[in-house]
Ligand SMILES: Nc1ncnc2c1ncn2[C@@H]1O[C@H](COP(=O)(O)OP(=O)(O)O)[C@@H](O)[C@H]1O
Ligand SMILES: [Mg+2]
């Protein structure tokens, strides 16, 4: 089979790619994949297929039209704006080329954490109470009760980012003054509204889901161990925790997989994640972040329908880690995702 691999690649020289509105920040490329990850996925797919590389920041339109892959393995995070993950899948739909992972609607909704939470809440799935603030001087727009109804401490995050972009140690605020300051900083740095959520103080987990319909299943649950972080920092999986304090040359022991869970809590977390996967209409695979409230009840933090898959175990990447705990190596995981997508699209490998 001819398999396209669509991606956004990190550059040594950011000037090679289109500058995002507001210019480049230190974390501007955090969502994109390294040449190493792209090569690892390519190599896994090449065990069974011919692979065409398609850089989403290049001339993807003409390359797709000319090469017409039988199916595309899509990991392209997109370049700019709240609908950036929908760019390549929309193009693929236009050309009638089947592809892995969720459709543009689901990808873009999951990139808007408040829209995601509204859908979860509609279906009765627990998620932290929240509001969205665009103007720190006019504290709340949605829902109507606003920040006044929320209990401190609060977590302040950009509405449309992933990979812990905009989530730093200071994102946990304890006073109105800190909140106003943080919202202003987010607006200045990212030019987007702030999602303000009540802080869930309990244990944190992330759950890798594979499959579709009745065949969707959870891989072994990963726990984030905040004890692994330097002393005196807030227990959040911040940008510093993901990319600064944790280096592959000196990895933090930040994950435990399979998480030590009693059977009831494990079943509750898995069911919550599978329900969230279904109501957001995710396809093929997704990684879902979960945190317990003060009473030990799991809540959904967010869904990642294009999960990161760093190939080296020392890079601390959750999806490959969960797959390894299930006895599945990296190449097997990538080909399993492709096979799941082929089965869903009726493409014969
Ligand atoms: N409401 C919350 N309560 C507790 N911790 C939170 C909350 N929201 C975010 N966090 C912390 O911040 C981290 C990143 O937030 P998340 O919404 O998953 O953003 P990202 O898309 O950048 O991964 C989480 O893994 C968690 O540790
Ligand atoms: Mg997350």
## Note on the structure
Beyond 14 Å, the calculated P(r) of region 196-239 holds a percent of Cα-Cα pairs equal to 62 percent
### Summary
Kirkwood-based Rg/Rh on the Cα set of region 279-345 evaluates to 1.03
### Task
Would you mind calculating the gained length between residue 249 and residue 121 on full extension (0.36 nm times residue separation, minus the Cα-Cα distance), in nm to one decimal?
42.0 nm
### Task
Describe numerically, in nm with one decimal, the distance between label points set 7 Å from Cα along Cα→Cβ at residue 90 and at residue 176.
4.1 nm
### Message
Between helix 263-279 and the chain, what is the angle of the helix's C-alpha long axis to the longest principal axis, kept within 0 to 90° and rounded to the nearest 10?
### Response
70 degrees
### Query
GNM, the chain, Cα, under 10 Å: largest mean-square fluctuation among 169, 74, 62?
62
### Query
Shape call for region 139-244 from the C-alpha gyration tensor, a ≥ b ≥ c root eigenvalues: rounded (a/c under 1.5), prolate (a/b greater than b/c) or oblate?
prolate
### Query
So how compact is region 42-179: Cα radius of gyration and Dmax in angstrom?
19.5, 57
### Message
Just want to confirm a number: the relative contact order over the chain, from Cα pairs under 8 angstrom separated by 6+ residues, in percent.
### Response
18 percent
### Query
Could you give the nm distance between label points at residue 262 and residue 152, where each point is 7 Å from its Cα heading toward the beta carbon?
3.5 nm
### Summary
Projected area averaged over all directions for the convex hull of the alpha carbon atoms of the chain, nm², comes out at 17.1 nm²
### Message
Using 0.36 nm times the number of residues separating residue 347 and residue 66, minus their current alpha carbon distance, what extension gain do you get?
### Response
99.2 nm
### Message
Rounded to the nearest angstrom and ordered from largest down, what semi-axes does the equivalent ellipsoid of region 204-345 get from its C-alpha gyration tensor (root of 5λ)?
### Response
25, 19, 12
### Percent of Cα-Cα distances greater than 13 Å, calculated over region 65-123
62 percent
### Query
Using only helices, what value at 222 nm comes out for the chain when you add -39,500 (n - 2.57) per DSSP H run of length 4 or more and divide by the total residues, to the nearest 500 deg cm²/dmol?
-9000 deg cm²/dmol
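FYI, it's all coordinate maths here, none of it is from the lab. Just so you know, these numbers come straight off a predicted model, no measurement behind them. Here the Cβ is made from the backbone with ideal geometry for all residues, glycine too, and neighbour counts use every protein chain on show.
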